[in-house]
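Peer 1: Got a structure for you, written out below as structure tokens; questions coming shortly.
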Amino acid sequence: MTYALNREPEWFNAVQWVIDATHFPGHTGCAYAFDIKRQPCLSRLNSQICEQRNSRLALVLKQCAFMGQLTFLPYIRYFAHGINVVRHLPWKQSGFR
């Protein structure tokens, strides 16, 4: 969190920092304010969705290692867009796999 605030304070100033329900018990040095269960507006969310989405980044890790920044940025943006689009497809909502 400190790293992000030092690098991009204007952008990260509006970010709410929380730790998902599965990982919070292992964070012994973190304040209880970071526990997602203690945030009423977030307590019903699937707190592991970011980790599930980020795990898909492993699929492109090798390709990205050989890219320069000008190629990497649009590539990873397109990949992230693809992950988000698949989530909203009609056949995904019906339970069809």
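Peer 1: Compute the relative contact order of the chain as a whole-number percentage, counting only Cα pairs closer than 8 Å that sit 6 or more residues apart in sequence.
Peer 2: Relative contact order for the chain comes out at 15 percent.
Peer 1: Per DSSP H run of at least 4 residues, take -39500 (n - 2.57); add these up for the chain, divide by its residues and hand me the 222 nm value, nearest 500 deg cm²/dmol.
Peer 2: Here the helix-only value at 222 nm equals -11500 deg cm²/dmol.
Peer 1: Follow-up. Which values of log₁₀ I(q)/I(0), to two decimal places, follow from the Debye formula for the stretch 1-54 at q = 0.13, 0.18, 0.25 Å⁻¹ with a uniform point scatterer at every Cα?
Peer 2: -0.37, -0.70, -1.09
Peer 1: If you don't mind, there's one more thing I want to ask. Whole number in Å², please: accessible area per residue of the stretch 1-49, 1.4 Å probe, ligands, DNA and RNA not counted.
Peer 2: Accessible area per residue, the stretch 1-49: 84 Å².
The values are calculated or read from the model by the stated rules, or taken from the named source; none is laboratory data. Keep in mind it's a predicted model, so treat the numbers as computed, not measured. When the accessible area is computed, the model is the full protein with side chains, heavy atoms only, and any ligands, DNA or RNA have been set aside. Shrake-Rupley method; radii C 1.70, N 1.55, O 1.52, S 1.80 Å.
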